[in-house]
Amino acid sequence: MAFPSLQSDRLVYRQFQAEDLELVFYGLSHPEVIRYYGVSYDSLEATKEQLAWFKNLEETKTGLWWAICRKEDGVFVGAGGFNDWSHEHQKAEVGFWLLPEHWGKGYLQEGMPTICQYAFERMNLHRIEGFVVDDNQNCRKAIEKVGYKYEGTMRDCEVKDGKFISVAIYALIR
Ligand SMILES: CC(C)(COP(=O)(O)OP(=O)(O)OC[C@H]1O[C@@H](n2cnc3c(N)ncnc32)[C@H](O)[C@@H]1OP(=O)(O)O)[C@@H](O)C(=O)NCCC(=O)NCCS
């Protein structure tokens with residue numbers, strides 16, 4: 001099946017390419033991006049794992065992630081998508097990150113509804129879950145604006161940088 005490229009007012013959503021390695025490394029090693037994010041890399045070589053993960057999600061129908069770019073000039077602004085796709089329970093986990101130079105432009109406000117609409121209509125999802133480190137106010141504020149409902153917090157449920165962290169559960173129901 002051809003990769004489902006999407007578009008919205010200011011953005012296009014395309015398949016990741018090998019040429020995106022440096023951009024993904026820049027994002028997933030940037031201190032502001034990885035502060036509350038579950039994945040980070042300390043080398044270009046290690047970042048190849050992330051591109052392989054995107055590819056494997058597509059090939060195994062366990063998810064779908066897009067490279068998000070500006071429509072006007074193709075500049076890469078970030079990534080968003082779904083993993084842990086349960087066909088049986090019609091649900092998946094959502095993820096989203098933007099390069100800091102593209103924060104504060106409403107790209108999540110535009111991008112999240114776009115990929116979620118695809119997920120509900122073409123991936124036959126009924127529920128989309130977001131697991132957000134409870135201190136990540138930027139993310140919480142942004143996803144609440146696009147309809148995610150707070151369902152509760154898993155207290156001290158993970159260890160990050162040697163400290164226990166709590167994770168808030170958000171969900172969007174079709
Ligand atoms: C989470 C994250 C994507 C939020 O990015 P963001 O740019 O703050 O969020 P939005 O796209 O919703 O932008 C909203 C802001 O853009 C402003 N904005 C500018 N132009 C806008 C437009 N056309 N439409 C809407 N908002 C606009 C809004 O005023 C708002 O600013 P405010 O927050 O000061 O009120 C970003 O902080 C990030 O990448 N964090 C690191 C990764 C991460 O933690 N991901 C976890 C999962 S979300």
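What the table shows:
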read-out	value
Theoretical gain in end-to-end length, K61 to H102 [0.36 nm per residue, Cα-Cα removed]	11.8 nm
Carbon + sulfur, % of accessible area of the chain - ligands and nucleic acids excluded, 1.4 Å	49 percent
Convex hull projection area averaged over all views, the stretch 1-55, Cα basis, nm²	4.8 nm²
Contour excess over end-to-end distance, with Cα ends at I34 and T153 and 0.36 nm allotted per residue	40.8 nm
Charge dipole (the stretch 6-173, unit charges on Cβ, about Cα centre) - positive-most of W66, S8, Q50	S8
Too-long pairs where the Cα-Cα distance tops 29 Å, listed order kept, from K71/K145; K55/K163; K141/K163; K48/K160; K48/K91	K55/K163
Order of exposure, largest accessible area first, which applies to I115, I169 with probe 1.4 Å	I169, I115
Between the stretch 72-101 and the stretch 19-45, the alpha-carbon center distance in angstrom	15 Å
Computed E for R70/D135 - FRET, C-beta separation, R0 25 angstrom, nearest 0.05	0.25
Shape category assigned to the stretch 91-174 from the gyration tensor of Cα positions, a/c cut at 1.5	oblate
Value at 222 nm in deg cm²/dmol, rounded to 500, when DSSP H runs of n ≥ 4 in the chain each add -39,500 (n - 2.57)	-9000 deg cm²/dmol
Principal semi-axes in Å for the stretch 48-113 [√(5λ), Cα gyration tensor, largest first]	24, 14, 9
Taking the chain and dividing mean pair separation by its residue count, relative contact order in percent (alpha carbons under 8 Å, at least six apart)	17 percent
Neighbour-limited loop hits for GluC sites (Glu not before Pro), the stretch 22-94 (at most 10 other Cβ within 10 Å; DSSP other than H, G, I, E, B)	E72, E88
With eigenvalues of the C-alpha gyration tensor scaled by 5 and rooted, the stretch 6-173, Å	22, 20, 17
Inter-label distance for K160 and S86, nm, one decimal - labels placed 7 Å from Cα along Cα-to-Cβ	2.3 nm
Modelled FRET efficiency - R0 41 Å, R122 with E22, Cβ distances, 0.05 increments	0.85
Solvent exposure ordering (accessible area, 1.4 Å, most first) of T60, T114, T47	T60, T114, T47
Amide H within-cut-off set for E158, under 5 Å, with H built and near neighbours excluded	I165
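The values are calculated or read from the model by the stated rules, or taken from the named source; none is laboratory data. This is a predicted model, so every value here is computed, not measured. Neighbour counts are summed over all protein chains in view; Cβ atoms, including those assigned to glycine, are modelled from backbone coordinates with ideal geometry. Heads up: the accessible areas ignore ligands, DNA and RNA and are worked out on the full protein's heavy atoms, side chains in. Shrake-Rupley method; radii C 1.70, N 1.55, O 1.52, S 1.80 Å.
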